[in-house]
Amino acid sequence: MEETLYYYCREKGEIVVEEVTMPNDFGIVDTLSCRLNLQQHFIWNCYELKVSKADFHSQAKLSFIGHYNYFVLPEKLYLTVQEEIPRAVGVLVFHPYLTEEMDVPGFFTTEKKPQRQDLQVNEAELLYRLISAQAREVGKAKR
């Protein structure tokens, strides 16, 4: 799911990075993406990936601090927990391809659109956290 989400965000013209530590004890966002809108303002999306019911119900903090926030779930899990998803949170359901001949492992359907909310953290600090996470990934690639 993580690999497919990365390419999904990139296809939409977004900057995307995984495992971004948030300020002010807001936890770690599994995947954070952003893009500039026509008015040159950032639009921030947070994605929390869950693979099982135990994972969905874990005590790990949900870092839904973006303008738009999503759960990314396999279809079977979505059908099990759909009534528990907060009203403002969207859902992308992952569908794996049956063949390995594709460039990515699967695709998403939007089962629930998120509602826009105000950022829950300072935008300059959020941008700094995104850049820091990307620098961490560049450092890994250079090793």
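The values are calculated or read from the model by the stated rules, or taken from the named source; none is laboratory data. All figures in this text were calculated on a predicted structure; none of them were measured in a lab. Quick reminder, even Gly has a Cβ in these numbers, built from the backbone with ideal geometry, and neighbours come from all protein chains shown. Please note that ligands, DNA and RNA were not included when accessible areas were found on the heavy atoms of the full protein model with its side chains. Shrake-Rupley method; radii C 1.70, N 1.55, O 1.52, S 1.80 Å.
Table for the structure above
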{"quantity": "Inter-site label distance for GLU11 and ASP25 at 7 Å from Cα along Cβ, in nm", "calculated": "4.0"}
{"quantity": "Cα-based Rg of segment 20-92 normalised by 2.2 N^0.38 Å, two decimals", "calculated": "1.17"}
{"quantity": "Restraint check, LYS113/LYS142; LYS12/LYS142; LYS113/LYS140; LYS50/LYS142; LYS12/LYS53, Cα-Cα greater than 32 Å", "calculated": "LYS113/LYS142; LYS113/LYS140"}
{"quantity": "Euclidean distance of C-alpha centroids, segment 83-103 and segment 26-64, integer Å", "calculated": "14"}
{"quantity": "The chain, accessible area per residue, ligands and nucleic acids excluded (1.4 Å, Å²)", "calculated": "60"}
{"quantity": "Pairwise FRET efficiency - GLN134 versus ALA88, Cβ, R0 = 25 Å, nearest 0.05", "calculated": "0.35"}
{"quantity": "Largest to smallest accessible area among HIS57, HIS95 [probe 1.4 Å]", "calculated": "HIS57, HIS95"}
{"quantity": "Added length on full extension, which subtracts the Cα-Cα distance from 0.36 nm per residue, ASN37 to LEU98", "calculated": "18.4 nm"}
{"quantity": "Global form of segment 59-138, assessed from the alpha-carbon gyration tensor, a/c cut-off 1.5", "calculated": "oblate"}
{"quantity": "Estimated vicinal HN-Hα couplings, Hz - segment 52-64 in sequence order (Karplus 6.51, -1.76, 1.60; Gly, Pro = x)", "calculated": "8, 5, 5, 5, 4, 9, 5, 7, 4, 5, 8, 9, 8"}
{"quantity": "Over segment 8-143 - Rg/Rh using Cα atoms and the Kirkwood inverse-distance radius", "calculated": "0.97"}
{"quantity": "Selection of GluC sites (Glu not before Pro), segment 49-143, meeting DSSP coil and at most 14 other Cβ within 10 Å", "calculated": "GLU100, GLU101"}
